[in-house]
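Worksheet for the structure shown next.
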Amino acid sequence: TPALEIKDLQKIYKGDFHALKGISLSVEQGDFFALLGPNGAGKSTTIGVITSLVNKTSGTVKVFGHDIDKALETAKSFIGLVPQEFNFNQFESLTRILVNQAGYYGVERNIAHKRAEKYLKQLDLWEKRDTPARMLSGGMKRRLMIARALMHEPKVLILDEPTAGVDIELRRSMWEFLRELNAEGITIILTTHYLEEAEMLCRNIAIIDNGQIVENTSMKQLLATL
Ligand code: ADP
Ligand code: ADP
């Protein structure tokens, strides 16, 4: 079973704007996959549909074989989402945000605390654990978003432009962390408009432009043709 299977996905926003014009793609379990494309190509819309934040117009989406039209909650339980915007409660402490998130998924409280400790340490946020999230730097908030997405131990982590606005030093350490996660077996799908980021991280890639997949290949193949 692929981690993600999308067939003929279309999204027409109100006002008859065709954001996705029938895209198909498949991501194998354990893959590190990039959806690369310029601003406005349809990357966030695709992620929105997969995570049910955006209603699709037509097509099918399956997450580990579970069709989002038939088994949305099951499909969602496999996914950890890191959206672009910082949508945590800015007034809560990091620990609180992480433990609450685990709570939404029914994770037992002491397990949630252990997990929060693990990710706060791995992402170099442990010293800030009791600080309200609004006090963090942008890069720290970005890492907090990743920690939060991992709290229910998803099988696939989906990141929308994970390093946008992040300086090169931090970008490198985030890349390293994502590589380690992937090595532990988590499937990773990210969107980016930097070819360099896809090149550094990803095994397979789809290029999206103007709502259509224009290339879907291995990173190796793509680099060989450039
Ligand atoms: P990307 O993530 O690749 O930058 P998006 O998926 O955000 O692209 O957007 C794809 C296209 O759909 C863009 O032209 C954008 O303006 C349009 N779009 C996105 N959200 C909406 C919306 N809620 N209503 C109408 N058009 C939208
Ligand atoms: P607030 O009072 O600021 O809305 P909440 O406790 O409702 O605080 O939510 C805190 C954060 O946790 C929210 O910003 C949101 O991103 C996240 N969140 C809230 N509800 C859910 C949920 N059901 N599933 C996942 N994340 C959630």
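Would you confirm, using the coordinates I've provided, whether T1 is within 11 Å of ligand 1 (Cβ to nearest atom) and at pLDDT 95 or above? So that I can check it myself, show each step before the final result.
Details: within 11 Å of ligand 1 (Cβ to nearest atom): no; at pLDDT 95 or above: yes.
So T1 does not fit the description; no.
This table checks each residue for (1) over 22 Å from F86 (Cβ atoms); (2) more than 16 Å from ligand 2 (Cβ to nearest atom); (3) in contact (Cβ under 8 Å) with a residue 60 or more places away in the chain.
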residue	(1), (2), (3)
E161	no, yes, yes
I168	no, yes, no
E184	yes, yes, no
T192	no, yes, yes
E197	no, yes, yes
A206	yes, yes, yes
I213	yes, yes, yes
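Scan segment 209-226 for residues that are loosely packed, with under 14 Cβ neighbours inside 10 Å, within 25 Å of D8 (Cβ to Cβ) and among the hydroxyl-bearing types (S, T, Y) and jot them down.
S218
Just the residues that are under 20 Å from E117 (Cα atoms), aliphatic (A, V, I, L, M) and more than 13 Å from the chain's Cα centre (by Cα), please, taken from segment 142-173.
L144, M151
Please go through segment 119-143 and pick out each residue that is surrounded by 15 or more Cβ atoms within 10 Å (Cβ to Cβ) and out of contact with any strand residue (DSSP E or B) (no Cβ under 9 Å at 6 or more places or on another chain).
Y119, L120, Q122, L123, L125, W126, L136, G139, M140, K141, R143, listed by residue number.
Report yes if some residue within segment 119-142 is within 14 Å of ligand 2 (Cβ to nearest atom), in contact with a Leu (Cβ under 7 Å, 6 or more places away or on another chain) and without any contact (Cβ under 8 Å) to a residue 60 or more places away in the chain; otherwise report no. Steps first, answer last, please.
Our first condition is that a residue be within 14 Å of ligand 2 (Cβ to nearest atom); within segment 119-142, this holds for 132-134, 141.
Add one more test, that the residue is in contact with a Leu (Cβ under 7 Å, 6 or more places away or on another chain), and what stays is 133.
Among the residues that remain, those that are also without any contact (Cβ under 8 Å) to a residue 60 or more places away in the chain are: 133.
Yes, some residue in segment 119-142 is within 14 Å of ligand 2 (Cβ to nearest atom), in contact with a Leu (Cβ under 7 Å, 6 or more places away or on another chain) and without any contact (Cβ under 8 Å) to a residue 60 or more places away in the chain.
Within segment 68-75, identify whether any single residue is of a type outside the set (S, T, Y), within 19 Å of H152 (Cα to Cα) and within 12 Å of ligand 2 (Cβ to nearest atom), and answer yes or no.
yes
Mind listing whichever residues of segment 21-53 are near ligand 1 (Cβ under 8 Å from one of its atoms), within 24 Å of K70 (Cβ to Cβ) and either assigned to a strand (DSSP E or B) or out of contact with any strand residue (DSSP E or B) (no Cβ under 6 Å at 6 or more places or on another chain) (or both)?
Residues satisfying the conditions are T46, G48.
Being within 16 Å of ligand 1 (Cβ to nearest atom) and open to solvent by 30 Å² or more (accessible area, probe 1.4 Å) is the filter; apply it to segment 146-178 and report the residue that is farthest from L195 (Cα to Cα).
The first filter runs over segment 146-178 and keeps only residues within 16 Å of ligand 1 (Cβ to nearest atom), leaving 158-165.
Then drop every residue that is not open to solvent by 30 Å² or more (accessible area, probe 1.4 Å), which leaves 164-165.
Numbers: A164: 13, G165: 15 Å.
By that ranking, first place goes to G165.
If we keep just the residues of segment 35-52 that are touching a residue at least 12 places away in the same chain (Cβ under 8 Å) and within 16 Å of ligand 2 (Cβ to nearest atom), which is most open to solvent (accessible area, probe 1.4 Å)?
Selected residue: S52.
Out of (1) farther than 14 Å from L159 by Cβ; (2) more than 16 Å from ligand 1 (Cβ to nearest atom); (3) touching a residue at least 12 places away in the same chain (Cβ under 8 Å); (4) open to solvent by less than 40 Å² (accessible area, probe 1.4 Å), the odd one out for K62 is which?
If we test K62 against (1) farther than 14 Å from L159 by Cβ; (2) more than 16 Å from ligand 1 (Cβ to nearest atom); (3) touching a residue at least 12 places away in the same chain (Cβ under 8 Å); (4) open to solvent by less than 40 Å² (accessible area, probe 1.4 Å), just (4) comes out false.
The values are calculated or read from the model by the stated rules, or taken from the named source; none is laboratory data. Keep in mind that what you see is a predicted model, and the values were worked out from it rather than measured. When we count neighbours, we look across all protein chains shown, and the Cβ atoms used for this are built from the backbone with ideal geometry, even at glycine. With ligands, DNA and RNA removed, areas are computed over all heavy atoms of the protein, side chains included. Shrake-Rupley method; radii C 1.70, N 1.55, O 1.52, S 1.80 Å.
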